[in-house]
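Student: Dumping the structure here so I can ask a few things about it.
The values are calculated or read from the model by the stated rules, or taken from the named source; none is laboratory data. On a predicted model such as this, the values are computed, not experimentally measured, just so you know. Cβ: placed from backbone, ideal geometry, glycine included. Neighbour counts: every protein chain shown.
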Amino acid sequence: MSEKYDKGGIQVISRAASILRVLKETQSGMSLGNIAARVSLPRSTVQRITSALAEEGYVITDAHGGGLRLGPELSALAGAAQYNIVEHCRLLLNELTQKTGETTDLAVMRGIGMVFLDQVPGSHRLTTVSKVGEVFPLTTTANGKACLAQLPEDEAAKLITNEWTRNGVTSDVDALLRQLAEIRRTGLAYDLDEHSSGVSAIGFAFTNWGGELHAISVPVPSSRFSGQRRMIEKALLETAVNIQRIFK
């Protein structure tokens, strides 16, 4: 009986891990039915396992009705493992700033926004500055659009609509989806005076070992953006190659 119990316990752990891996792929939440289909388990089994995970804080219900997504307790576990994305990226941010003379930013996609993690200031007298912990929108920033482009189109469309509805914006979702397709093709996303007047930016997205979407971007005062654009694009693409070597 003990051996049978052990096997059952191992099976539950394996199934819970499969569910968490599926949820890792979504930023906006997933329904029980969709999770069940992805992990090839009955919906009732998925419901029992996710209920237990929710009690421990490993999954939570999305506040905007998008189903279940990963919970805060997983972030605490990641912190306990002493994994620090800022430490891994800081050297590359420094190199990028040295190449361009411009400020470089690191952000992570968390739920419905981009959370600012780190910044290396540029050498120009006129630079852009943000605060660690500040949250940026997805649809008007280079880092946000870069991350949206990494998601399945239906999930990206849901996040776009969600953000625009919250902010009373009426715009063309299909047009932005076409822009995301171009970002996937070129590897670079652009903010041309969209988020802040007088500031433009270019960025790219990448996935870390834990499956989280991050972005590195270079914000530039629009007054010198056109003159710096090609050089920044080249430097960012070189940095993207180096990032992929780290997180492959």
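Student: Return a yes/no flag: does the stretch 167-187 have any residue that is under 23 Å from residue 93 (Cα atoms), of a type in the set (Gly, Ala, Ser) and in contact (Cβ under 8 Å) with a residue 12 or more places away in the chain. Talk me through it step by step, then tell me what you get.
Tutor: Quick first cut of the stretch 167-187, residues under 23 Å from residue 93 (Cα atoms) only: 183-184, 186-187.
The next check asks that each one be of a type in the set (Gly, Ala, Ser); those that pass are 187.
Among the residues that remain, those that are also in contact (Cβ under 8 Å) with a residue 12 or more places away in the chain are: 187.
The answer is yes; a qualifying residue exists.
Student: Moving on. Of everything in the stretch 169-179 that's closer than 16 Å to residue 112 by Cβ and modelled with pLDDT of 90 or more, which residue is surrounded by the fewest Cβ atoms within 10 Å (Cβ to Cβ)?
Tutor: Our first condition is that a residue be closer than 16 Å to residue 112 by Cβ; within the stretch 169-179, this holds for 169, 173, 176.
When the remaining residues are screened for being modelled with pLDDT of 90 or more, the result is 173, 176.
On the way: 173: 14, 176: 19.
The selected residue is 173.
Student: Can you tell which of 207, 161 is farther than 23 Å from residue 132 by Cα and either surrounded by 21 or more Cβ atoms within 10 Å (Cβ to Cβ) or β-branched (Val, Ile, Thr) (or both)? Talk me through it step by step, then tell me what you get.
Tutor: Details: 207 fails: farther than 23 Å from residue 132 by Cα.
Answer to the check: 161.
Student: Also, quick follow-up: If I go through the stretch 118-158 residue by residue, how many of them are surrounded by fewer than 21 Cβ atoms within 10 Å (Cβ to Cβ), under 23 Å from residue 98 (Cα atoms) and of a type in the set (A, V, I, L, M)?
Tutor: 4
Student: Please give the number of the condition residue 86 fails out of (1) out of contact with any Pro (no Cβ under 6 Å at 6 or more places or on another chain); (2) modelled with pLDDT under 90; (3) assigned to a loop (DSSP other than H, G, I, E, B); (4) at negative phi.
Tutor: Result: residue 86 fails condition (3) only.
Student: Just give me the residues in the stretch 89-115 being within 25 Å of residue 226 (Cα to Cα) and assigned to a strand (DSSP E or B), in sequence order. Step through it out loud before you land on a result.
Tutor: Filtering the stretch 89-115 down to residues within 25 Å of residue 226 (Cα to Cα) leaves 92-107.
Residues satisfying the conditions are 104, 105, 106, 107.
Student: Checking the structure you have, find out if any residue of the stretch 221-240 is assigned to a loop (DSSP other than H, G, I, E, B) and among the basic types (Lys, Arg).
Tutor: no
Student: Then there's this: Out of the stretch 186-198, which residues are crowded, with 18+ Cβ neighbours inside 10 Å and outside any loop (DSSP other than H, G, I, E, B)? Quick ask: steps written out before the conclusion?
Tutor: Of the residues in the stretch 186-198, the ones crowded, with 18+ Cβ neighbours inside 10 Å are 188-191, 195.
Result: 189, 190, 191.
Student: Where residues in the stretch 18-46 are among the β-branched types (Val, Ile, Thr) and closer than 20 Å to residue 111 by Cα, which of them is modelled with the lowest pLDDT? Give the steps one after another, and end with the answer.
Tutor: Of the residues in the stretch 18-46, the ones among the β-branched types (Val, Ile, Thr) are 19, 22, 26, 35, 39, 45-46.
Remaining after also requiring closer than 20 Å to residue 111 by Cα: 19, 22, 26, 35.
Numbers: 19: 90, 22: 86, 26: 73, 35: 91.
Here the answer is 26.
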